[in-house]
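Computed from the coordinates by the stated procedures, all read-outs in this text should not be read as laboratory data. Every value quoted in this text rests on a predicted model; they were computed, and no experiment measured them. Cβ: placed from backbone, ideal geometry, glycine included. Neighbour counts: every protein chain shown.
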Amino acid sequence: MADEPKPEERARAMQGMNLAINGLVVCVERKAIKNLHLSVYPPDGRVHVSAPLECPDERIRMYVLGKWVWITEKRHAIGKYSRQEAREYVSGEAHYFRGDLYRLKVEECNNSRQGVRIDGDYLVLTVREKSSAAHRAAVMAAWHKEQLAPIVEGYVRKWQDALGVQLDSFEIRAMSAKWGTCSKAKGKVVFNVELAKKPLKCVEYVVAHELAHLIERTHNADFKKILDRHFPDWREIRDNLNRFPV
């Protein structure tokens, strides 16, 4: 049996590196995982691969080349739709959910069965006949809230334990200018429903950020030290969150 890598070797392996594959720069991050995972991120179509610690570069190259058609299509779609106009909630629009880009397909019904479902690369929005854009937006927002709530709840439990804090309650609703806000006195956090459109790592960062405010109210040096200790890559994730189109 091969020797386990030393801690310093493991740390080096987990640092990000770039591979040039078929003329495309691919960011590779090695982690303590079993399988390869591929992501394409807005706004510039950056390609990222998470790979097992011992995975050789050649295996990563073959994996990426095997996904080349999908990568090309995703990067084209992201480039086309990264800058979003005001939504009309009509078929063909681009919408994000959990960091992935989907096309909207609107289906009309003549009963009370309204909602959203995922069908391949489509978000299928079912609404009443002749419904307004505002009504369609409300149905979509309700679905986003429903999908986001258990994710936030799981991260709240995780970060309460990690930070040694206790949150009394949280709420998910529309917010115009913030991803979240914390009331230390009330032990309550409000999260922006738009987080449903973001990658899960961005959602986790917002939860960790807001719960850290239960320890330190302001964004001072002590607050940043808390995040540095428990969430070392928070700055990169924050930057992705703030430039990621919704």
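A few comments on the model shown:
- Counting Lys and Arg as +1 and Asp and Glu as -1 over every other residue whose Cβ lies under 13 Å from the Cβ of Cys182, the net charge comes to +1.
- Footprinting exposure proxy ranking of Lys105, Lys186, fewest other C-beta atoms within 10 angstrom first, gives Lys186, Lys105.
- Charge sum, other residues only, whose C-beta stays under 15 Å from His219's C-beta, Lys/Arg counted +1 and Asp/Glu -1: +3
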